[in-house]
Structures are given as structure tokens and as C-alpha cells.
Amino acid sequence: MAKRIDGKAISARVKDECREKVKNEKLDVTLAVIQVGNNPASTVYVGNKKKACEYIGIHSLSYDLPEETTEEELLALVEKLNQDDAVNGILVQLPLPSQINEDKVIQTISPKKDVDGFHPQSVGALCIGQPGFVSCTPAGIIQLLKRNDIEIDGKECVIVGRSNIVGKPMALLMLRENATVTVCHSHTTNLKEVTKRADILIVAIGKPKFITREYVKEGAVVIDVGIHRNENGKLCGDVDFEDVEPIASAITPVPGGVGPMTVAMLMNNCVEAK
Ligand code: GUN
């Protein structure tokens, strides 16, 4: 039976470390949080981020903009926050309404305030091993592995999913930790054969319970980034937990695995932004 990787407990520890640092070093940190429209999932995520700020002692400034906000208006706000020395981090919750070009918005955020780690300069720095903000979910997964004493160096890591937010930065981080990294995606042939090679399997594909035990090597560590609600309102991930748990050595549950780490690492980035 696999060890359950407790993201709730580890995220609480990371947040407590941030809180201690803010208190001991008397840091005055401010995060600007922008939400455009009323996407219900975004409202929940943004609420969690503001709550975490409050716990840690980070000031959060809320900008709740209407659905019909234009790209020019949003870019003007980001520019204003870039110039404001009292603001250390800028977070624009995604997705944005279709009239706004997300890439353009991300590129407008100053890399010095890019606490999401989405700016091309942040991604480029990660790619060539230079300092910069790292995307929060992949950074959180590294913490889950390290704080559970799971060796990464020299291991076969297979990542399923190649998004800019998770899959690609995850591959770069695992490479930085000296894993041998394979990235799979919707055009991968023989997916099962590839995932079965993994000592560490990281799944971020957005398909409920897609990964069953036929995809997993006995004793593998399985990290599930997915989150879905089934017909009965119960949460599940991209991994069929009940099916895979008996053969894995360690596995993240959904909820309470990767999810809480994203907010914790955002807080860590905000403290680093000071
Ligand atoms: N939407 C889903 N995840 C994220 C995230 O980590 N940051 C932002 N800004 N938007 C998101």
C-alpha cells in the first residue's frame, strides 16, 4: 500500500515558514490580485490566495474587474501596479475573458513582480538555471517530493501533459534535480509503455481517473495534478486513486495533495519578491 503524500500538512508547514520569515524580518509585503469576471472556480482560488495572505501577514490588494473589461484597461492597471513601489507581486487570475490576450497580459507584468512565474523571462531563467520566479504548482511538487525524502537525482521521471503552467516547467525543474525526464502528451504513441518506465510519474492532463494501474510501474511515486468533480459532487484527480494506490510506493490524494501546495508556493514567491 502506498504512502499518502500529505499536501495539506506540507503546505501548512511552508506557509508557517513564510509567516515566521515575514514576522522575524519584519517584511512589508503586498500582493495585488486581479480577477476579471466571475468564473466560480477563479473566485474560489482567488479567495484561497487572499486568505493565505492574511494568515502569513502579506497585504493583499483586490481588483475585481467586470467581465467586459477591455485588454487596454487591464494592461493599464498592470502597468500602474508595475510602477507602484508599494506593490511587490502581481497576480492576474487565469483564465481571462476571450477579448483579452492572456500572453500579452503575462508579458506586461514586470518579471520582478511575476509571482506566478509565467513571464517568458521567468520561464527562460528556469530553463538556463538562473534565478527567477518558478510556477507555483511545479515548485510545490518538488517540495512534496523533497519533504517526503523521495530521491529525484538519477530517477526516471515521466510527465504526462505539456502545459506552460505545469508540464513544461515541471520538466525543467526535474531536470534541474538531475532526473531523466520524458514529457508525454496527446500525440504520444504507446503512452502506457512510456509511463510504465517512470520511477516518478507526474500527471497533469485534465482527464478524470485516466491513469489506471496499467500505466504505472510497481513501486512508482505518483503525483496527481488533476482536479475534477464527478456526477456525485465528489472530487477526483487524473489518476484512478483506488486502482493505483495498491501498487504505488507513494501517491498524492485529491483533494489534499498537489492543490494546497500551489497557494503555499505563491506565498513563498511573494515573500521572495520582497
Ligand atoms: N489559474 C489556474 N491556476 C492559476 C495560477 O496558478 N495562477 C493564475 N494566475 N491563474 C491560474
* Using θ = phi - 60° and Karplus 6.51 cos²θ - 1.76 cosθ + 1.60, couplings along segment 203-220 (whole Hz; Gly, Pro as x) -> 10, 9, 10, x, 10, x, 6, 5, 8, 9, 5, 5, 8, 10, 6, 4, x, 6
* If the convex hull is drawn through the Cα atoms of the chain, its volume per residue in Å³ -> 131 Å³
* Structure fact -> Rounded to whole angstrom, the alpha-carbon centroid of segment 1-55 lies from that of segment 128-169 at a distance of 19 Å
* Under a cut-off of 26 Å between alpha-carbon atoms, report the lysines in cross-link reach of Lys192, not counting same-chain residues fewer than 8 places apart. => Lys3, Lys155, Lys168, Lys207, Lys209, Lys217
* To do: Starting from the amide H of Lys3, placed 1.01 Å from N in the peptide plane, find each other amide H under 5 Å away whose residue is 5 or more places distant or on another chain.
  => Ala250, Ile251
* To do: Report the charge-dipole magnitude of segment 136-274 in Debye, nearest 20, computed about the Cα centre from +1 at each Lys and Arg Cβ and -1 at each Asp and Glu Cβ.
  => 420 debye
* To do: Multiply the residue separation of Glu25 and Lys51 by 0.36 nm, subtract the distance between their alpha-carbon atoms, and state the gained length in nm to one decimal.
  => 7.2 nm
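For a protection proxy built on the mean count of beta-carbon atoms within 10 angstrom, sort 135-148, 75-88, 221-234 highest first, please.
Those peptides, ordered most packed to least, come out 135-148, 221-234, 75-88.
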* **log10 of Debye I(q)/I(0), alpha-carbon scatterers only, for segment 1-98 at 0.15, 0.16 Å⁻¹** => -0.71, -0.78
* Asked: Give me the log10 of I(q) over I(0) for segment 127-274 at q = 0.14 Å⁻¹, as the Debye formula computes it from C-alpha points; what are the numbers?
  -> -0.63
* May I ask for the net charge around Ser42, where only other residues with Cβ less than 15 Å from the Cβ of Ser42 are counted and Lys, Arg are +1 while Asp, Glu are -1? => -1
* Asked: Can you give the charge dipole size of the chain about its Cα centre, rounded to the nearest 20 debye, using +1 on the beta carbon of Lys and Arg and -1 on the beta carbon of Asp and Glu?
  -> 620 debye
* **Check: segment 174-222 dipole with +1 on Lys, Arg Cβ and -1 on Asp, Glu Cβ, in debye** => 140 debye
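No value in this document is a laboratory result; all are computed from the given coordinates. Every value quoted in this text rests on a predicted model; they were computed, and no experiment measured them. Neighbour counts run over all protein chains shown; Cβ positions are idealised from the backbone, glycine included.
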